[in-house]
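Step one of this worksheet: look at the structure below.
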Amino acid sequence: MKTSLKTALILIAAQMTTLTALAQTPAASAQPKAAQQQPRSSDKVDLKKLEEKYWSAKDEDYAVIQNRTFSKAGKFFLSGMYGTLMNDPFAKSKPFGANLGYYFTEDFGIEASYLINQADPSESVTKFNNLQTNTQFRPNYNLPADSYAVALSYTPFYAKMAFMNMAIMYFDMGFTAGLGLSNYDQVVMMKDGTGGSSSGEGKIRQSSPHFEIGVMQQLFLSKNFAFRLDIKNSFYNEKIVAYDPGNGNGNARKEESATKNTTYIMLGLTLFSN
């Protein structure tokens, strides 16, 4: 009796195992089919595409400078400048003035400038004139006066540097180019109608359009202040007249034209708007 019960239990267990295996067979066969419908992506890396992306000249989603510590874009600025006239053999001057402008982007801006010269004859001219009793042998020359200009600026360089291993300082460097008007004074011996001197030495104010180019650098102190250094060259056509035409010529003065290049080195402080 015990043997018959044992045999029956074994048969029941075998039948249940067979049914379970048959129930799982469709799901097992369906799994490979689903896997065939969704092929697995390859794990192989395309080194050629990776190399081309690395060496590409420009990526639209990437810039070398993601965030500037001191930004200029969309800001107005005002600079007070003071400097020296470098290259005029007849004049010495300590010019001063101001620049007012606006930066459209970090690289491009526009500015208007006004420069005042308080020019005097150079040391060489003064010494030569002191040795001459005859004014007809004195040099014919002009002295720079004031000037106005509107210029475009382009600042492609932006960098930072360490200062005595104590602080990081930020600066940029760029170029300016513009047009303006230069005023200058013709230095002459004043004459009366008979050709005689009337009131000694005098100045005749003249004007001429000019073209200017320059190099500019700014050292940022904060988001609102920066030191500014300019090296500026302006070119214009000036009229030179005889200092003393002589008694026999009355007020007639021989006139000649020459291209004038004035070079200024200017140092100042710039205030940026918020």
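Values in this text are rule-based calculations from the coordinates and carry no lab data. Only a predicted model underlies this, so the values are computations on that prediction, with no experimental measurement involved. Using ideal geometry, Cβ is built from the backbone for each residue, glycine included, and neighbour counts are taken over all protein chains shown.
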How large is the convex hull of the Cα atoms of the range 127-274 per residue, expressed in Å³ as a whole number?
155
Using the charge dipole of the range 108-243 (Lys, Arg: +1 at Cβ; Asp, Glu: -1 at Cβ; taken about the Cα centre), state which of 119, 136, 214 has its Cα farthest towards the positive end.
214
For residue 227 and residue 114, compute 0.36 nm times the residue count separating them, minus their Cα-Cα distance, and round to one decimal in nm.
38.8 nm
Contour minus end-to-end for residue 254 and residue 173, with contour as 0.36 nm per residue of separation and end-to-end as the Cα-Cα distance?
24.7 nm
I'd like the FRET efficiency for residue 207 and residue 50, computed as 1/(1 + (r/R0)^6) with the beta carbon distance as r and R0 of 51 Å, rounded to 0.05.
0.20
